[in-house]
Amino acid sequence: MARKRMSTAEAKRQMKAEAERLESMQRLAPPLDADRERVLAAYVPRSMSRARWEQTSPLIRDIMRRGQCKGQETFPQVLSELTLFVDWAMDAGVDATISDLLRHDLIERWVTEGGPGSHSTWGNRRSRLRNLASHVNPGLHAPRRKEPFSRAAMKAPYSLREMADIERLCLNQPSRATRRNLCVMVGLGAGAGLGSTDLRGLTRRHLSKDDDGTWWVDVPGDRARRLPVRQRYTHLIEEAIKGLKADDLLIGVKEGRKNITSTAVTNAAIGDTNITPEQARLRATWLLAIISTPVPIADVMAAAGTTSARNIVEVVPYASDPAYVTQAEGDSDVHPE
């Protein structure tokens, strides 16, 4: 099939966009948020000589500020891999500029020549550096970015009977620590829609009770928001915080942990029950409850910490099933502040 010829107007538009991109490369990128700026300031690579780091660190920091890397764990990883790549490119005689360095063909050459590390490690490095290059230096050399993989379907919410079993499971744990962990998972998952990532840095200080008796949770991080806890689950919150000080973590005792909810469930005494709490399903249960009340869709999305309504659409079929939702489900206590 013959390729469609580019119109004169489209050619001019692309030429103008390219000129603007090249001009923007002459200006330093603005600083990032305080946490990522601290990472940039503290980072000193072990793989690069001190003299070369002094020469290239302003450029590397500028590239990281221009990139779209926002993950708390991914950001330092990309910073380290970018440094390895720049060090290799300098040895190969490449000029230390964004236009010369962040080229997909050069990244492919780096990966092909390789070095210590598994095939999987180099595959991940290729993916992350190509993604960075596509954001920072989307010139004519860069191939069109592939469409993202299809998103996994949202897991089904728990039924009312399943939630009753899960509540009993939480409150009948022989271990105080496990009882607290499960009560936090369920109380803030089904009660306020928090996912595993939201729970990771929460402390007792993030929970508060107002004069009307409503419990609120202040979610920190990239999806920061303030949410009320549904009245049905406040007894779990009150059980969870017994004996906790203001700066104590709500789940576990160590910051920066991964898989905190799965670990909590693994340590639980399940007994003969056939149901266990799963954070994604608890969040879906909360979402189902709030869309079953007269709440504006914009407020639902804000409370869920999302800019997409896809998950909301996926739980709609459950909203007319009495096994999941009662007529009195939810009280309009879901508006975020």
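The values are calculated or read from the model by the stated rules, or taken from the named source; none is laboratory data. Keep in mind the model is a prediction, meaning the values are calculated, not measured. Every residue, glycine among them, receives a Cβ derived from its backbone with ideal geometry; neighbour counts consider all protein chains shown.
Taking each residue of segment 278-296 that is in contact (Cβ under 8 Å) with a residue 40 or more places away in the chain and looking for partners that are of a type in the set (Asp, Glu) and outside any helix (DSSP H, G or I) with beta-carbon atoms closer than 6 Å, six or more apart or interchain, yields Ala289/Glu329. Of everything listed in (1) closer than 22 Å to Ala302 by Cα; (2) assigned to a helix (DSSP H, G or I), the single unmet condition for Arg168 is (1).
Taking segment 97-108 as the range and being surrounded by 14 or more Cβ atoms within 10 Å (Cβ to Cβ) and among the charged types (D, E, K, R) as the test, only Arg103 passes.
Would you please name the residue that is farthest from Asp222 (Cα to Cα), looking only at residues in segment 58-101 that are in contact with an Asp or Glu (Cβ under 8 Å, 6 or more places away or on another chain) and not in a helix (DSSP H, G or I)? Per the criteria, the residue is Val94. The listed residues are Ile312, Ile251, and the only one of them that is assigned by TED's automatic domain parsing to the domain that holds Pro174, within 20 Å of His206 (Cα to Cα), β-branched (Val, Ile, Thr) and buried (at least 16 other Cβ atoms within 10 Å of the Cβ) turns out to be Ile251. Name every residue in segment 269-309 that is of a type outside the set (Val, Ile, Thr), loosely packed, with under 12 Cβ neighbours inside 10 Å and in a helix (DSSP H, G or I), in order of residue number. Across segment 269-309, the qualifying residue is only Ala298.
Residue-level check: of (1) under 27 Å from Arg179 (Cβ atoms); (2) at pLDDT 80 or above, Thr293 misses just (1). Quick check: anything in segment 255-268 part of a loop (DSSP other than H, G, I, E, B) and surrounded by 16 or more Cβ atoms within 10 Å (Cβ to Cβ)? Yes, segment 255-268 contains a residue that is part of a loop (DSSP other than H, G, I, E, B) and surrounded by 16 or more Cβ atoms within 10 Å (Cβ to Cβ).
Tell me whether segment 213-224 contains one or more residues that are of a type outside the set (Ser, Thr, Tyr), surrounded by fewer than 24 Cβ atoms within 10 Å (Cβ to Cβ), in a helix (DSSP H, G or I) and modelled with pLDDT of 90 or more. Checked against the condition, which is being of a type outside the set (Ser, Thr, Tyr), surrounded by fewer than 24 Cβ atoms within 10 Å (Cβ to Cβ), in a helix (DSSP H, G or I) and modelled with pLDDT of 90 or more, segment 213-224 yields no hits at all.
With respect to the conditions (1) loosely packed, with under 15 Cβ neighbours inside 10 Å; (2) modelled with pLDDT under 90; (3) basic (Lys, Arg), Lys155 falls short on a single one, namely (1).
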